[in-house]
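Structure first, then comments.
Bear in mind these aren't lab numbers, they're just calculated from the coordinates by the rules spelled out. Here the structure is a predicted model, which is why all the values come from computation and not from measurement. Note that each Cβ is placed from the backbone with ideal geometry, even for glycine, and that neighbours are counted across all protein chains shown.
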Amino acid sequence: MIVLFVDIDYFFAQVEEVLNPSLRGKPVVVCVYSGRTEDSGAVATSNYVARKLGIKAGMPIVKAKELGKDAVFLPMRKELYQEISNRVMEIISKYGESLEVASIDEAYLDITNKVSNFSEAEILARKLKEEILEKEKLRVTIGIGPNKVLAKIIGDKSKPNGLGVVTPEDVSRFIDELDISDVPGIGKITEGVLRKTGINKLADIRKFSLEELSKLVGRSRSIYLISLANNTYREPVKPRELTHKGRYLTLTENTRDIRIIMPFLKRALSEAYGKIQGIPMEIYVVAIMEDLDIVSKGRSFKFGITQDLALRTAEDLLRKILDTDTRKIRRVGVRLGKILRSSTLEDFFH
Ligand code: DGT
Ligand code: CA
Ligand code: CA
């Protein structure tokens, strides 16, 4: 098995840098404001410049402001990050056989049958990094390993903008050197229990039986740790259905002229329909403005949307965007959501 783990670097804050390049080099802090008082809330993430000042995810905004008086504090724009995450996931999915989206900014990709060895895997990973950088201007870190967990561990150790590999030749030594705090899914409490028992390295797990370990940290966690320590962990990459699919096109010029934009939108729509196996109940028109900001408007239906209805709806939504925004559009696309995967429906509508 050869697995890629992809994690977008300082994700929310990096998106803000991409949309506003003048932020680069400055400490950037993305915040979730609770709204109780002006500064109440917590830091969602920060870029590496802010991290140098000690500003970390989860920290109260007030504390972050003490550490970085001149840092740039921005409110979290979750929908925007989700939109960009979807696009990055679509790029990643092209490089492997199955994609498991693990969170808004990380995914596992099974490339076992796409490459014949780990050095080819590395070349593929470099291409993937390049494509994400070129298309979305985002830097990611990739870990490559013989299973999902090892790929994630080496990925986490290679951040930011990194590429780390655990080859089959390295794997025993790599496992032997791991500290239990390097193991994903081992929280502070489990870590404390293990250390009290004298288990500091993952390799120390091998000194205990399943029964002994289970009494300490529970049976399923014990099975997990034992399989990792013995290099028998083989959980497959489990593709989760992408609940939406999109297609975006760059206009030949930045414009607000609907007669120029519609043919692109129409093509994006028909290509998006070509990608799905089923019929959507939700449609969004997404406009990437001249300054790379993203505006989207959508509509959902109680029934599956035929391509004709989708086209009329898309035009309406595009008009709404142009009515509520004064900027020129640079890229335009559609996203189809809540896709019904019934083959009978498909036969009916196509
Ligand atoms: P990295 O991967 O170390 O370069 O930095 P991030 O920011 O990508 O961190 P990661 O991968 O742990 O988390 C991905 C995103 O999830 C991150 O950009 C913001 C969000 N996130 C992480 N921790 C928190 C948190 O404590 N609260 C909230 N609201 N969001 C969080
Ligand atoms: Ca990340
Ligand atoms: Ca992550």
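Close amide H pairs (under 5 Å, H built 1.01 Å from N) link residue 251 with 331, 332, residues at least 5 positions away or on another chain. Counting charges near residue 219 (Lys, Arg +1; Asp, Glu -1) among other residues having Cβ under 14 Å from its Cβ returns a value of 0. Summing Cβ point charges (Lys, Arg +1; Asp, Glu -1) relative to the Cα centre of the range 12-77 gives a dipole of roughly 160 debye. Taking every Cα-Cα distance in the chain and sorting them into 10 Å bins starting at zero, the pair-distance distribution P(r) comes out as 5, 20, 25, 26, 16, 6, 1, 0 percent. Label separation (residue 63 vs residue 82): 2.8 nm, computed from points 7 Å beyond Cα along the C-beta direction. In sequence order, the range 29-37 has phi-based couplings of 10, 9, 10, 9, 7, 7, x, 5, 10 Hz under the Karplus curve 6.51 cos²θ - 1.76 cosθ + 1.60, θ = phi - 60°, and Gly or Pro positions carry x. Rounded to the nearest Hz, the phi-derived 3J(HN,Hα) couplings of the range 271-278 under the Karplus curve 6.51 cos²θ - 1.76 cosθ + 1.60 (θ = phi - 60°) are 5, 5, 4, x, 7, 8, 10, x, where x marks glycine and proline.
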